[in-house]
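In what follows, a single structure is set out as structure tokens and then discussed.
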Amino acid sequence: IEHASAYLFVDSTYVLTPLKKTTGPVLQELMKTIECFGSHVIAISAETHDNLSGGLNHILQLIAIAHVNSVVSGLDEETAETAITLGGERFRRFCEPLLVPSYFWEDILTSNYRYIRENIERFIEELKTTKDALESNAFHEEYNRAKKYVSRIPSAKKGFSSKLSHLYVTIEDKPGSI
């Protein structure tokens, strides 16, 4: 209770994966209740959830692993250290999913293998499209296609990427102080 926050669910995305037998009125009532906490509620099938999670979250772990390994592959230890130093903060932040212990991912990767594999295949195709765009001077088209969606991603107000701060102001306790 000491660290409880009335704003725990405010601006959070709350995902419901209703069963087929869940009736519309029951689902609507639950969604309205959750919205009362200030959450954005999404109701999608478990299959859609797993597919989207595979592409939005789980694959980032694999991309980070492959990206770091592709940078240091074939380099001696000293050159690999130089590469990592040159990568700096931006490289570290990109690869941050690697900081999650691998055992955390074992069950996720196993139970969502089908969706993750499909997302990897799509990612490989998009890498090929981007590579072809570089060769055909169509890079800006690919960039703008991605930017259109990235610009619509809500800014982090909650979750792993957000930083919550507290501001304490001490004022005299008398009428008109605030």
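Computed over the chain, the P(r) tail beyond 23 angstrom holds 64 percent of alpha carbon pairs. Taking all protein chains into account, the per residue accessible area for the chain stands at 83 Å² (1.4 Å probe).
Ignoring ligands, DNA and RNA, what percent of the 1.4 Å accessible area of segment 78-130 is carbon and sulfur? Carbon and sulfur together cover 59 percent of it. Please work out the Cα center distance from segment 71-115 to segment 117-145, rounded to the nearest Å. If you average the Cα positions of each part, the centres end up 22 Å apart. On full extension, the segment bounded by residue 124 and residue 138 gains 3.3 nm, given 0.36 nm per residue less the C-alpha separation.
Remark on residue 41: its backbone amide H falls under 5 Å from those of 14, a criterion applied only to residues 5 or more positions apart or on other chains, H modelled at 1.01 Å from N. Between 25, 71, 56, the Cα set farthest toward the positive side of the dipole of the chain (charges on each charged residue's Cβ, about the Cα centre) is that of 25.
The values are calculated or read from the model by the stated rules, or taken from the named source; none is laboratory data. Bear in mind the structure is a predicted one, so any value in this text is a computation, not a measurement. With ideal geometry, Cβ positions are generated from the backbone for all residues, glycine too; neighbour counts draw on all protein chains shown. The protein model used for the area step is the full one, side chains on, heavy atoms only, and it has no ligands, DNA or RNA in it. Shrake-Rupley method; radii C 1.70, N 1.55, O 1.52, S 1.80 Å.
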